[in-house]
Amino acid sequence: MDHPQDDRPYSSLPHPGLPYYEDVSPGHGSLPPRAWYASSDAARLSLNGLWRFRLAATATAEDESFAHPDFDASGWGELPVPAHWVLHGHGAPAYTNTLYPFPVDPPHVPTENPTGDHRVTFDLPSADWESGEAVLRFEGVESCARVWLNGRELGTFKGSRLPHEFAVGELLRPTGNVLAMRVHQWSSGSYLEDQDQWWMPGIFRDVALLHRPEGAVADHFVHASYDHAAGTGTLRVDCEPGGRVTVPELGLDLATGESATVAVEPWSAEVPRLYDAVLATAGERVPLRIGFRTVAVEDGVLKVNGRRILFRGVNRHEFHPEHGRAVDLETMRRDVELMKRHNINAVRTSHYPPHPAFLDLCDAYGLWVIDECDLETHGFAPLGWRRNPVDDDRWTPALLDRAARMVERDKNHPAVVLWSLGNECGTGRGLSAMAGWIRDRDPSRPIHYEGDRSCADVDVYSRMYADHAEVERIGQRAESPLPDAESDAARRAMPFIQCEYAHAMGNGPGGLSEYQRLFETYERLQGGFVWEWIDHGLAHPEHGYAYGGDFGEELHDGHFVCDGLLFPDRTPSPGLVEYKKVIEPVRIEGDGRAATVRITNGYNFADLSGLAFGWTYEVEGAPVGEGELAVPPLGPGEAMELKLPEPVGADRPGEAVWTVRAVLARDEPWAEAGHEVAWTQLTAVPRAEPVVGRRVALADSGAEFDLRTGELVSVGGLEMVSPPRLDVWRAPTDNDEGAEWQPDTRWGTVWRKLGLHRVQHRLVSVERGAEELVIVSRVAPAATDLALLSTFRWTSDGDGVRLVVSVEPEGDWPCPLPRLGVRLGVPAELGLARWYGGGPGEAYPDTRAASRLGRWTSTVDALQTPYVYPQENGARADVRWAELRDEAGRGLRVEGAPEFWFTARRWTTEDLAAAHHRPDLRPADTIWLNLDHAVQGIGSQSCGPGVLPQHELKAAPTEFSFTLRAVGSA
Ligand code: GAL
């Protein structure tokens, strides 16, 4: 979203003497930030657990006596730490996308400022603790805390998703230590944390007490570069105080500060080679996992270890449907495993540094990471960025504090390849100051920030939601110029990424394949990060999953918070399955008739030795042969052509298709051997148009019609609950509805205005011949002269009835149609589906890459995709035939000429469109079947561009047909 800058002077200044939660300083009393590590031989005591808790409505409602060790908190409630108190019955979460849920009056916050007082009592585990220093460490507290230990105030801090430590050694006693914390939901820091997510205060990450024996590691910085020409790594570990670093596998034993160059295997997201090492100082031994790699922008391309990399990325917020941003290690691991299993190789930690353990997982499993600072001031955009903290020197110390806390904490992760200054903050001197500080501290990583089109502070040109055409121009370095020639030249020489694209809200995103083709064509386009990883639907007793407004918020952005590739419970949505296919790192193409296949290794570093290839040959969806395919271990970028073998049974008549697959050859930490990585299907024998049976008297078809209306009453004894009728309506998807800031037309609005959700059918004529029944209807919404003239021609092939539908648009249609086909209702007992066509999951014209031809079965219930906000879903593509049967095997079979889109559900489209949450959809006594000749694409307009023209369903003269038969009847 672009917003013009408003430069009018603004006079109101923060007045002096503000309370700590309103002043713009980052806080006081904490230690300088330093590198995080998961463990060492220094003792540590987790303070996670049940704490005492009390909530006040304002920051000052309660005095500070609770911090005194003798205070009696036995009357308070209990709250787990880590947690958000709003998810434990104290107040409620609230969702806004960009708007501050309080008056924009920086740095002031509302008097109504939910404030949680927390207390925990702990004993030291051993006598060792009494000597030496100790620090209290907070990994994440939203949004501002004041801390006391044993009655002594330690200080205050802001920066919710950043670590804060306090020295507490001399305050500790063997038993009965009392840690007291006051946490305010709102603070000046809230102005810097306007990310698109739930507002959820609390101590939401771990709290620990770390013993710091004399001579323990204060901070350390691992410099581990890789020279791809020489094949060597250079290691230097800076440490305060000094000590030694040993890397047994490399035979290295170095003093800190000393460097050594040795032959190593490099680290990459594809081959995440780590070397175990130990950093030892006089007081502490810290295990290190070292990955050698060098990141550089060279010749306008972002390279790691000398090679261009391609991000197949996602934006990841930390989210759990019950625990919010208090995400446990197993959930983090699950995210990483799911990403790896879906061919994702990169994460942007939108829009704050994640829990530090997540980055250890990225190192170990192999994911490129853009580590983003906890900074967003988007809510200033509607005010023309007036008083934007990132352009106000008074806030710069807070911004620098945030930059330092991120960089210092995360600097030793090979996975982190770019630092990001934050998200959607407009432009300003504060960002330049952050970039300057980061460059100085860590020149080894390029800098990212999307919000400044001039790219003044960055090394990579980044955009969000640029459409395909613009991305292509950027790929050609032919984008429209910046006004300033020097900046323009600098930006044009930069690599390009889409830090956000393909908005995965509801059904979709569409258009992924077309983006990927661009990323793979132009060297400058180094991929992108789908928005976003997971729906932030909060578990709710009544609604299933709650979104904005479900907790009574006055200001909210509804279900815009549910826009992920995973459903809230981490079930992959069809969007993730599609993304996996689109970004598969091995391309398998070929000519099925000639039985040749071309394999291209699309990895940047890995060869193909980790994959095993195989083929299957199917006729009419039934396997007739399978085997292995010997593919040599092609290097990155290499390709070769292979001949497929002659399958046994290939002479069987019918449509025949090769499926060639690449699977893991052996177990990986993230998936087992056999896990599918890439596949393709190649047609060996194309589908022949179905043979239409000999025409016989319609009376012999076994079908009954109402001769007055021309409507089908039954087929082979199977009653129609509702006869086939022309249908054009679908429950608009989030992408059909579109976003108000998008220039493309929002078809959902146009469709409703035109009345496509309430078309009327006027019967024009019913003509009955011996062999044919012809019904003409005019299908049109009220108040317009636009119409679709439809002709249904029924004939019999002796065994079933054949319907040929001709559609003739009348008038100048201003919009694509949502769908074009027939809708019918059949008895609710026919709940078992079987089809030969695209599957197993849903597909639409621009989300069909992952749909593969085969014979599939499902229950009607399982055909539904449970989007948190109900909308059109569940279509199966390219269906040759489909059947719905009851438990006894009786039912209806539909054969299409040509192939059709098949949808079956236990509610009407109208019910689906009216629903707001999953539980609103209740099965009734009919299964509604849509047999569509064509459907409108999906696009990504809920935030990005709309449907590409080639995927639009234009109103045009069309003809298609189906044969309906009863199956399994007595
Ligand atoms: C972007 C923003 C994200 C998210 C997305 C829409 O503008 O950076 O945080 O709001 O739009 O879902």
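Miscellaneous remarks
- Eligible lysines near residue 954 by straight Cα distance, threshold 20 Å, same-chain separation 8 or greater: 753
- Across 303/643; 158/303; 303/411, pairs whose alpha-carbon gap is larger than 27 Å: 303/643; 158/303
- Relative contact order, percent, the stretch 571-667 [alpha-carbon distance under 8 Å, six or more residues apart]: 32
- Residue 171 versus residue 214: modelled label distance in nm, points set 7 Å from Cα along the beta carbon direction: 2.4
- Dipole magnitude of the stretch 835-950 about its Cα centre (Cβ charges: Lys, Arg +1; Asp, Glu -1), debye to nearest 20: 280
- Efficiency of FRET from Cβ geometry, residue 770 and residue 322, R₀ 60 Å, rounded to 0.05: 0.35
- Whole-number Å³ per residue for the convex hull built on Cα positions in the chain: 183
- Toward the positive end of the charge dipole of the chain, with +1 on the Cβ of Lys and Arg and -1 on the Cβ of Asp and Glu, the farthest Cα among 630, 749, 968 is that of 968.
- Ordering of 470-481, 262-273 by packing is 262-273, 470-481, highest average first (other Cβ atoms within 10 Å, averaged per residue).
- Leading residue at positive end of dipole, the chain (Cβ point charges), from 109, 714, 257: 714
- Computed on the stretch 220-294, the Cα convex hull volume stands at 76 Å³ per residue.
- Cα-centre dipole for the stretch 297-581 with unit charges at Cβ (Lys and Arg positive, Asp and Glu negative), debye to 20: 920
- Every Cα-Cα pair of the stretch 712-967 was included, and the share exceeding 29 Å stands at 27 percent.
- Those trypsin sites (Lys or Arg not before Pro) in the stretch 657-743 that DSSP places in a loop and that have at most 14 other beta carbons within 10 Å: 666, 694, 708
- R0 of 56 Å, Cβ-Cβ distance residue 888-residue 470: FRET efficiency to nearest 0.05: 0.50
- Tensor-based shape of the stretch 124-216 (alpha-carbon gyration tensor, a/c under 1.5 rounded, otherwise prolate or oblate): prolate
- Relative contact order for the stretch 220-294, counting Cα pairs under 8 Å that sit 6 or more residues apart, in percent: 32
- Inter-label distance, nm, simple model (7 Å from Cα along the C-beta direction), residue 855/residue 123: 6.9
- In sequence order, calculated HN-Hα J values of the stretch 469-479 (Karplus, 6.51, -1.76, 1.60; Hz; x Gly/Pro): 5, 5, 4, 5, 4, 5, x, 8, 6, 10, 5
- If you sort the three axes of the alpha carbon gyration tensor as a ≥ b ≥ c, you get a/c under 1.5 for the stretch 297-581, which makes it rounded.
- For the stretch 921-929, the Karplus equation 6.51 cos²θ - 1.76 cosθ + 1.60, evaluated at θ = phi - 60°, returns couplings of 8, 10, x, 10, 8, 9, 9, 9, 10 Hz by residue, with Gly and Pro reported as x.
- Note on residue 668 and residue 713: the extension gain reaches 10.5 nm, defined as 0.36 nm multiplied by sequence separation minus the Cα-Cα distance.
- Selected from 923, 860, 937, residue furthest toward positive end of dipole (the stretch 827-941; charges at beta carbon): 860
- For the stretch 220-294, the Cβ-based charge dipole about the Cα centre amounts to some 60 debye (Lys, Arg positive; Asp, Glu negative; other atoms uncharged).
- Förster-model FRET efficiency, 60 Å R0, residue 229 and residue 810, C-beta, rounded to 0.05: 0.30
- Take every pair of alpha-carbon atoms less than 8 Å apart whose residues are at least six positions apart; their mean separation over the length of the stretch 839-906 yields a relative contact order of 33 percent.
- Base-10 log of normalised Debye intensity for the stretch 19-212 (one unit scatterer per alpha-carbon) at q = 0.08, 0.09, 0.17 Å⁻¹: -0.25, -0.32, -1.13
- Extension reserve of the residue 337-residue 456 stretch, reckoned as 0.36 nm per residue once the Cα distance is removed: 39.2 nm
- Hits among aspartates and glutamates - C-alpha to C-alpha of residue 581 under 16 Å, sequence gap 8 or more where chains match: 514, 520, 589, 676, 842, 846
- Two-site label geometry, residue 622 and residue 954: point separation in nm, points 7 Å out along Cα→Cβ: 4.2
Bear in mind that the values in this text are calculations on the coordinates, not laboratory data. Only a predicted model underlies this, so the values are computations on that prediction, with no experimental measurement involved. Ideal geometry is used to build each Cβ from the backbone, glycine not excepted, and the neighbour counts take in all protein chains shown.
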